[in-house]
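Input: a single structure, listed below in structure tokens.
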Amino acid sequence: MASRITSGARLCVRASIDRLVCNLSRNRHHNAVTTGVETAAVRRSSDRLLQCYQKQLNRIRSDHQRNHCRRYTTLQDTDTDSLSSIDPYRLLDDDLRDVYTDITRELVLNTNQDELRTIATYYFDGQGKALRPMVAILMAHAINYHMNNNGLDKKQREVAMIAEMIHSASLIHDDVIDQSDFRRGKPSVNALWSHKKVAMAGDYILAVTSMMIARLNHNDVTITLSQIITDLVQGEFMQLGSKETENERFAHYLTKTYRKTASLIANSVKAEAMLAGADDQLVDVSFEYGRNIGLAFQLVDDLLDFVSSKDAMGKPTAADLKLGLATAPVLFACEKYPELNAMIMRRFQEPGDAERAFELVHKSQGLEQTRFLAKKHCLEATRLAGKIAESPYQKSLLVVPDLIVNRMK
């Protein structure tokens, strides 16, 4: 299967900037655990990684200029017909059908506070995309088939539930931080209850999630899933700040994107592979697949913030600019319109900043470059899925990148 990937896959930057920053984060984390301090050697290694990262960013830009954002009609070349009829959600209908019901049961059973139950379960009404549990269960089935295991293990299904619960807890906390009024086509929790109650409801979901992780009784999986929460908090902190130079900003943005979005998908599918008894190589394949899917998903999400309607997205559009956030389309647009740099530094707070930035992004190649980068990550995810034994679930893993890059909400 891997040999049939389009020639565009050969353009994929396998050591792309976010991966290097991710490795940088891992190196620093490991060093902090073992010594408690960041050594000069690690800092020098960090500098080298960031220099390599910038070279890869330049290559991305160069590829974009040479190919003028070539339109990939599909992520597969000769297997389009065999994959076009595959619907991962339909394939997993039995596994996903009761996910939200089972999550709600966990949250209801662990408290006798009726209002806490109502707030904590508010976003588990089945209106979300369920991308995270879908990808997690797909990977679990695919690895089980690869390993000749029998069916989906109960613990693997619980990992999928845990992934969705952590995600929803982060949405609740985001609603408090961003003072959102609308999400998933309905009033946000923040618009219906007090900030204090909403924040505690988010904490409660994470607390129940922690108990579920403990029940898995697997040390490596516990560490892996706990890393998701650590990354989420760090990513949120990073989002509150900005960097002065263009190079630092893009590295900052992609590291933040990994921590806030991609880490959850990457580490949940990694946990699925661990529970299946996969070897280190297959575990790494799973992690890298999830990482690339997560990065592509967020890149497309940032793009849609500039082009989709409120009705399609289920939340206000151009929201990031109004929150003072410079995402990939803006950062790419800075190359053509340097006046955006000053707006970024003041977080689009002056009158007319958000409107002017929105206009400049559309006048630049920022949206096309963002989609081009998202496609690179999708192509890399496709290549990685090709290393897993062929099965209906593996084929669905090949379809997921196409769903990501072509989604409209």
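The values are calculated or read from the model by the stated rules, or taken from the named source; none is laboratory data. Just so it is clear, the structure is predicted and the values come from calculations on it, not from any experiment. Please note: Cβ atoms are built from the backbone with ideal geometry, for glycine as well, and neighbour counts cover all protein chains shown. Remember, those area values only see protein heavy atoms, side chains included, never the ligands or the DNA or RNA. Shrake-Rupley method; radii C 1.70, N 1.55, O 1.52, S 1.80 Å.
Here are a few things to note about the model shown:
- Ala201, sole failed condition from (1) hydrophobic (A, V, I, L, M, F, W, C); (2) modelled with pLDDT under 95; (3) assigned to a helix (DSSP H, G or I): (2)
For every residue, the table says whether it meets (1) open to solvent by less than 60 Å² (accessible area, probe 1.4 Å); (2) touching a Lys or Arg at 6+ places or on another chain (Cβ under 6 Å).
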site	(1), (2)
Asp95	yes, no
Gln127	no, yes
Tyr145	no, no
Glu158	yes, no
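- Across region 96-132, the qualifying residues are those that are at pLDDT 95 or above and of a type in the set (D, E, K, R), and the one among them that is nearest to the chain's Cα centre (by Cα) is Arg132.
- When region 320-341 is limited to residues that are open to solvent by less than 50 Å² (accessible area, probe 1.4 Å) and without any contact (Cβ under 8 Å) to a residue 24 or more places away in the chain, the one that is nearest to the chain's Cα centre (by Cα) turns out to be Asp320.
Residues checked against (1) within 29 Å of Asn341 (Cα to Cα); (2) at pLDDT 95 or above; (3) open to solvent by less than 10 Å² (accessible area, probe 1.4 Å); (4) touching a Lys or Arg at 6+ places or on another chain (Cβ under 6 Å):
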| site | (1), (2), (3), (4) |
| --- | --- |
| Ser263 | yes, yes, yes, no |
| Ala271 | no, yes, yes, no |
| Asp280 | no, yes, no, no |
| Gly294 | yes, yes, yes, no |
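- Looking only at region 260-287, residues that are assigned to a helix (DSSP H, G or I), farther than 15 Å from Gln394 by Cα and in contact (Cβ under 8 Å) with a residue 60 or more places away in the chain come to 7 in all.
- Residue in region 389-405 that is farthest from Leu83 (Cα to Cα), counting only those that are surrounded by fewer than 24 Cβ atoms within 10 Å (Cβ to Cβ) and of a type in the set (Val, Ile, Thr): Val405
- Pair list, Cβ < 8 Å and 6+ apart or interchain, from region 215-240 residues that are without any contact (Cβ under 8 Å) to a residue 60 or more places away in the chain and of a type in the set (Asp, Glu) to residues that are open to solvent by 30 Å² or more (accessible area, probe 1.4 Å) and assigned to a helix (DSSP H, G or I): Asp220/Met274; Asp231/Arg259; Asp231/Lys260
- Scan of region 321-362 for residues that are within 23 Å of Asp178 (Cβ to Cβ) and either of a type in the set (Ser, Thr, Tyr) or touching a Pro at 6+ places or on another chain (Cβ under 6 Å) (or both), ordered by number: Thr327, Val361
- Scanning region 97-125 for residues that are more than 27 Å from Leu397 (Cα to Cα) and either among the polar types (S, T, N, Q) or surrounded by fewer than 15 Cβ atoms within 10 Å (Cβ to Cβ) (or both) yields Thr104, Arg105, Leu109, Asn110, Thr111, Asn112, Gln113, Asp114, Glu115, Thr118, Thr121.
- Hits in region 231-261 (condition: open to solvent by less than 30 Å² (accessible area, probe 1.4 Å) and either touching a Phe, Trp or Tyr at 6+ places or on another chain (Cβ under 8 Å) or among the polar types (S, T, N, Q) (or both)): Asp231, Gly235, Gln239, Ala251, Thr255, Thr257, Thr261
- Filter pass, Arg371 being open to solvent by 10 Å² or more (accessible area, probe 1.4 Å) and either modelled with pLDDT of 95 or more or hydroxyl-bearing (Ser, Thr, Tyr) (or both): yes
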